[in-house]
Structure formats: structure tokens, C-alpha cells
Amino acid sequence: MKTYTGIPASAGIAIGKAFLYLEDDFPEIPRYAIKKVQVDSEWERFGKAVAGAVEEVQALHDQAFKKMGKEQADIFKAHLLMLEDLDFHDQLKNKLKNNLQNIEWIIWELSRELTQKLMASPDPLFRERAVDISDVSRRVINKLLSATRFSLADLKEDVILVVHDLLPSDALVMNKARVKGLAMDAGGRTSHTAILARAFNIPAVLGLSVFSREIKNGEKIILNGSSGIVVTNPDKGVLVQHEGEEKRFRKQADLLLGLKDLPAETIDGYRITVKANIEFPEEAEQVTRYGAEGIGLYRSEFLFLAPGKSAEEEEQFRAYRHVLRTMGKLPVTIRTVDLGGDKIIPNLQSPYEKNPLLGWRAIRFSLAKPELFKTQLRAILRASVDGNVRIMFPMISGIEELERARSLLDEAREECRKKGCAFAEDIEVGTMIEVPSAAMTADILAEKSDFFSLGTNDLIQYTLAVDRGNEKVNYLGQPCHPAVLRFLRQTINAAHEKGLRAAICGELAGDPAATAVLVGLGLDEFSMTASSIPPVKQIIRSVDFADCKALAEKALDGRSVDEVRSVVREWMANKFPGRNYEA
Ligand code: PEP
Ligand code: MG
């Protein structure tokens with residue numbers, strides 16, 4: 001038996017067999033010497049692999065052309081040209097003859113040489129070409145090796161998935177019904193994989209460092225997503241203890257569902273709106289079960305990230321309409337796409353940006369692709385007649401971006417009018433406050449916003465310079481940092497001074513340990529993973545607003561993370577003795 005401690009990322013307890021899923025960029029590439037007489041047969045193998053790759057890329061090109069238009073299809077056209085580039089073929093053949101090694105290795109070596117040269121260039125066009133070369137080479141090597149990777153969509157039995165890292169796009173395709181728990185070396189509570197695990201109600205422990213290297217396939221595991229503990233080969237006593245804890249966890253969760261129809265109101269009558277965050281349209285059906293009074297954050301980019309999704313205007317329109325119809329009169333805030341960072345569409349964005357989190361992400365990407373952006377805005381506008389929609393822009397860093405986004409929204413309105421498409425005229429437009437510069441200039445942004453929503457996942461990341469997905473620095477990403485608290489206060493005050501409502505939709509909103517202090521800061525609305533609503537509502541209904549305000553004041557006086565944490569922890573321990581709330 002061995003115990004590991006990671007970051008509790010999605011509550012619940014799973015007991016089961018480990019399934020190791022280790023993703024390498026390339027399949028292992030064999031390297032062996034060949035004889036002179038084998039050169040021709042190696043070259044023949046290469047010819048066949050190229051023909052197969054050309055067929056694949058041609059199909060991708062046609063699909064992209066139909067669904068996304070010429071600009072995206074051209075990427076595949078470039079790949080086709082590269083596959084058939086005689087100069088590249090000559091270089092390969094010379095290397096093959098001179099080095100007398102198998103063709104897979106020759107391709108790998110040549111592509112590495114070329115990409116390294118191109119990546120060193122200051123010209124982004126050359127760096128992008130490097131991405132294309134490695135993509136094309138990888139495709140041909142895969143053909144030569146007939147490499148077919150196991151897909152998580154094909155999981156046939158219940159497992160606890162053990163990975164080093166899992167891209168959100170992998171998480172999207174996995175057979176969720178079979179994944180009973182997720183253990184991951186990388187990541188933190190606010191990484192997108194953690195957010196997805198919570199959306200799927202899969203218990204998860206992240207930031208386990210080297211766990212995936214130490215565990216064997218099929219080993220028995222207990223994974224406690226509430227405490228962050230993972231136990232391998234547990235002995236009988238530990239197993240029985242966790243089985244009991246699992247039952248208690250379920251019972252408590254069922255009990256809290258009883259609060260569903262009660263208002264999120266403090267004892268002295270301060271009313272807070274609680275809403276749900278969703279990533280997929282189908283989630284909308286579930287959220288009212290937990291008492292959500294609307295959707296405060298619909299992360300629309302997941303429509304684009306699911307493999308095989310084209311996200312044309314019609315498809316987007318149908319998805320948004322589905323959410324709006326499901327929610328009826330309840331408000332739904334659709335956040336325009338936050339693509340980039342760790343949510344990349346390979347055909348549109350480079351996976352080789354040097355600093356993706358500081359790069360071509362969210363509103364920056366949307367503003368650079370006005371046609372894509374307006375397509376999304378038109379889809380939202382057209383769906384708006386079917387419900388109560390609001391639009392929100394991610395990662396605004398200053399007033400120019402907000403003004404530009406709003407003017408593209410006006411253009412999209414005009415285009416709808418021209419096409420005779422009806423839409424609601426009075427849609428509120430909100431700004432996510434998740435960059436320090438936005439928090440600092442919240443008073444200015446408030447002039448052009450109808451509401452604010454604090455994206456604390458990114459606000460913490462950017463304020464404290466801590467990559468939210470990096471387990472090595474995760475310990476620094478503390479909401480209790482005085483700088484974070486000051487930004488929250490400043491933003492909320494700026495909103496209130498201009499008569500706007502201030503919401504929070506980062507993961508902090510769903511942490512009961514932080515609820516009282518967030519209430520005290522004066523937030524009007526909390527939006528979180530639906531299953532977090534009942535425990536947060538329970539706290540709201542057990543406290544006085546006046547006391548929470550005093551707590552927030554005291555927390556704001558704290559000089560360090562530790563000071564703030566102990567103020568909040570002590571307050572919670574006094575108020576809720578016997579419960580363990582770790583701020
Ligand atoms: C946030 O940054 O807090 C947020 C809600 O947006 P996301 O987690 O999607 O980046
Ligand atoms: Mg964000």
C-alpha cells in the first residue's frame with residue numbers, strides 16, 4: 001500500500017483499477033541499419049505511405065472546405081503540397097542512401113533538422129511552417145508504422161484513468177461512463193481538465209507529480225477527489241474506511257439537494273443569485289436539479305474543441321437555442337470563445353506558441369478573426385429570441401478591446417437585420433475581469449459594460465504569475481493572496497459605483513470555504529459547477545451579511561496569504577465547528 005497526495009480537483013471517491021494512458025507526441029520510432037540493396041524497398045514503402053497520407057489530407061481538406069471555408073482548407077492544401085514536394089523527397093532519398101537507415105528514422109531526423117532551423121527564425125511565418133512540417137512528417141511516419149493509438153472513447157470497462165497530462169480535447173472524447181476517477185501528474189484545481197472532470201462529475205486528483213510513472217496498469221486504487229489522496233494497493237482497513245466515506249459523501253450530497261428550491265439568502269436577508277457554469281449544451285438539463293437560477297458562464301469554446309465538430313453558424317445556433325430553450329426564462333450568459341492557451345484548434349492555432357497563456361487567446365483571437373467572431377455573435381443573436389441571453393467577452397485587458405468587441409457585435413446585429421433574422425434588442429453585454437489590467441481599470445470598463453464577472457481562475461494566474469495548469473507552482477496560486485482580494489474588492493466596488501452587478505464565475509465561487517468572505521466583499525452573483533451549488537448555498541443561508549462584511553474587512557487587512565487564510569479559517573471554524581473548511 002502506498003499513499004500519494006495531490007490536489008483535490010473534483011469531489012467524490014472512486015475505488016477501482018488503474019488504467020494508464022500515456023500520450024507521447026510520437027509513437028516510438030524504430031531505428032535500424034539497412035543494406036544498400038534495401039534502399040529501393042524502403043523507398044517503395046515511403047511512396048505507399050505518402051499516397052495514404054495524401055488521401056487522408058485530401059479528405060480533411062474537402063471536409064474543412066465544406067464546413068469552415070477556404071482559409072482553413074488552405075492549411076491542408078499546404079500539407080498536400082509538402083507531401084508531394086519533390087525537393088523534400090530528394091533530400092530524403094539522399095539521406096536514405098547515405099545513412100543506410102530505415103525510412104521512418106530518416107524522415108524523423110530530416111523533419112527535426114528542418115523544424116529546428118525554422119523554429120529559430122524570428123519570422124512567425126517560418127515558425128508556422130515548422131509546425132506544418134512536423135505534422136506532415138508525423139502523418140507519414142504513422143502510416144509507415146500503421147500506428148493506431150488507443151482511443152479513450154473505446155474504454156470498455158470501469159477504470160480509474162491515470163495520465164501524465166490530459167488535454168481538454170482528450171477529456172472530451174473519453175468514454176465518460178467508464179471513467180470512474182481521474183489521477184493526473186500535472187494540472188491544478190482551476191486547470192481546464194479539472195473543470196471538465198467536475199462537469200462530468202468524475203472524482204479527480206491532479207498535480208500528483210510522478211504518479212503515472214510509479215503505478216502499474218490494473219493496480220487497485222482508491223482515489224479521493226475531496227481530500228486529494230490516492231492510495232494504491234490499499235489494505236482491507238483503508239478500503240473499508242473509504243467505502244464508508246464514499247457512502248457518507250453521497251448521502252450528504254443527496255441531503256443538500258433538499259435546498260434546491262430555497263433562496264440563496266443570508267439570515268439577515270442579503271439575496272445572492274446562484275448560477276451554474278456549463279461547458280456543453282446537454283449540461284443545461286441538469287443544472288436546475290441543483291437549484292441553479294440560470295447559467296452564469298457557458299464556455300462556448302468547447303463546441304469548437306470536440307473532434308468532428310465544425311461549429312458553423314447553424315450548429316452554434318442550434319446549440320445556443322437548445323440551452324436557451326432548456327433554461328426558459330432563466331438567464332444564460334454565453335461567453336464568446338476562449339480559444340488559445342490550452343484550448344487549441346490545431347487547424348486555426350499553432351500549438352507552438354512560446355507563451356500560449358500570454359498569447360493569442362480568448363478575445364485577442366476573436367478580434368483577430370472577425371468573421372469567425374461575428375459568426376458566433378450572429379448565432380447567439382439569432383438564438384436570443386428563444387430565451388434570456390447575455391453575452392460576455394473573455395480576457396478583456398483594456399477598453400479598446402471591449403469597444404472593438406462591441407462594435408463587431410453591432411456589425412453582427414446589422415448583418416442579422418439585413419438577413420431578416422429576428423433577435424432580442426436588449427441583450428446585456430458583460431466583461432470578464434480576469435486580467436490585472438482589467439481589474440485596475442474596472443471603473444473605465446464599467447462605462448461600456450452591463451455587468452462584470454470575475455474570472456478568478458485567470459485573475460489569480462495573471463496576478464500572481466502562476467500557470468494554473470502547472471502542478472509545480474500550483475501552491476502559489478492562492479485566492480487568499482492580499483493582491484487577489486484587493487482586485488476583487490476594487491472590481492466589485494467599481495461595478496457598484498456604476499450601478500452594475502458583480503458576479504464571480506471562477507472556481508473560487510464553488511468553494512464553500514471561501515463563500516462567506518466572497519459574500520462579505522459584496523458580490524451579487526456566484527456561478528459555479530452545478531454540483532457545488534448546494535454546499536455553497538448552505539453556507540450562504542447560515543451566515544449574516546453583516547458578519548461576512550466584517551470578515552471581508554478583516555481579511556483585507558491581512559498582509560500575507562497565511563494571515564488571510566488563518567482569518568478566514570478561524571472564522572469558518574467558529575461558525576461551523578466540526579467541519580473542515582480549508583481556505
Ligand atoms: C476564469 O478564468 O476564472 C474563468 C471562469 O474562465 P476559464 O476558467 O474558462 O478560463
Ligand atoms: Mg478565464
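The values are calculated or read from the model by the stated rules, or taken from the named source; none is laboratory data. Just so you know, these numbers come straight off a predicted model, no measurement behind them. Neighbour counts are summed over all protein chains in view; Cβ atoms, including those assigned to glycine, are modelled from backbone coordinates with ideal geometry. Ligands, DNA and RNA are excluded from the accessible area calculation, which covers all protein heavy atoms including side chains. Shrake-Rupley method; radii C 1.70, N 1.55, O 1.52, S 1.80 Å.
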| note | Placing +1 on each Lys and Arg Cβ and -1 on each Asp and Glu Cβ in the chain, then taking the dipole about the Cα centre, the residue among V473, A555, P512 whose Cα reaches farthest towards the positive end is P512
| message | Given the DSSP H assignment, sum -39500 (n - 2.57) over each helix run of at least 4 residues in the chain and divide by its residue total; what's the result at 222 nm in deg cm²/dmol, nearest 500? | response | -15000 deg cm²/dmol
| message | Expected output is a single nm value to one decimal: the length gained when fully extending between H496 and L125, i.e. 0.36 nm times separation in residues minus the C-alpha distance. What is it? | response | 129.0 nm
| note | Expected field for S146, accessible surface area in Å² at 1.4 Å probe radius, rounded to 10, holds 90 Å²
| request: Please work out the C-alpha center-to-center distance from region 417-452 to region 111-129 and express it in whole Å. | output: 39 Å
| task | Over the alpha-carbon set of region 399-545, divide Rg by the Kirkwood Rh and report the Rg/Rh ratio to two decimals. | result | 1.03
| Size of charge dipole - the chain - debye, nearest 20, with Cβ of Lys, Arg +1 and Asp, Glu -1, no other charges | 880 debye
| Average projection area in nm² (convex hull over Cα atoms of region 256-575, one quarter of hull surface) | 15.9 nm²
| query | Peptides 318-326, 471-479: what's the order by average Cβ count within 10 Å, highest mean first? | reply | 318-326, 471-479
| For W108, solvent-accessible area (1.4 Å; no DNA, RNA or ligand), Å² | 60 Å²
| task | Given the peptides 416-429, 499-512, arrange them by the average over their residues of other C-beta atoms within 10 Å, most packed first. | result | 499-512, 416-429
| said: Suppose the chain between E312 and D85 were pulled fully straight at 0.36 nm per residue; how much longer would it get relative to their current alpha carbon spacing? | reply: 78.5 nm
| For labels at T5 and V473 in the simple 7 Å Cα→Cβ model, what's the distance in nm? | 2.3 nm
| message | To check you understand DSSP bridge types, tell me what percent of the beta bridges within the chain (both residues inside) are antiparallel, rounded to 5. | response | 30 percent
| request: Starting from one equal scatterer on each C-alpha and no solvent at all, send me the Debye-based log10 I(q)/I(0) for region 27-145 at q = 0.13, 0.14, 0.16, 0.20 Å⁻¹, two decimals. | output: -0.53, -0.61, -0.78, -1.11
| query | Of all the accessible heavy-atom surface of region 27-145, with the other protein chains kept in place and a 1.4 Å probe, what percent is carbon and sulfur? | reply | 54 percent
| Per residue, how much accessible area does the chain have with a 1.4 Å probe, in Å²? | 44 Å²
| remark: Checked against a 18 Å limit on the C-alpha separation, the offending pairs among K2/K247; K93/K117; K549/K575; K2/K216; K537/K575; K275/K374 are K2/K247; K93/K117; K275/K374
| request: Place the peptides 283-290, 352-359 in order of packing, highest mean first, counting for every residue the other Cβ atoms within 10 Å and averaging per peptide. | output: 283-290, 352-359
| field | Farthest positive-ward along the chain dipole, Cα basis, beta-carbon charges - from A546, I106, H242 | value | H242
| remark: hull vol. (C-alpha, convex hull) per residue for the chain, Å³ -> 160 Å³
| remark: Quick shape check on region 296-369: root eigenvalues a ≥ b ≥ c of the Cα gyration tensor, a/c under 1.5 is rounded, otherwise prolate if a/b tops b/c, else oblate, and it reads prolate
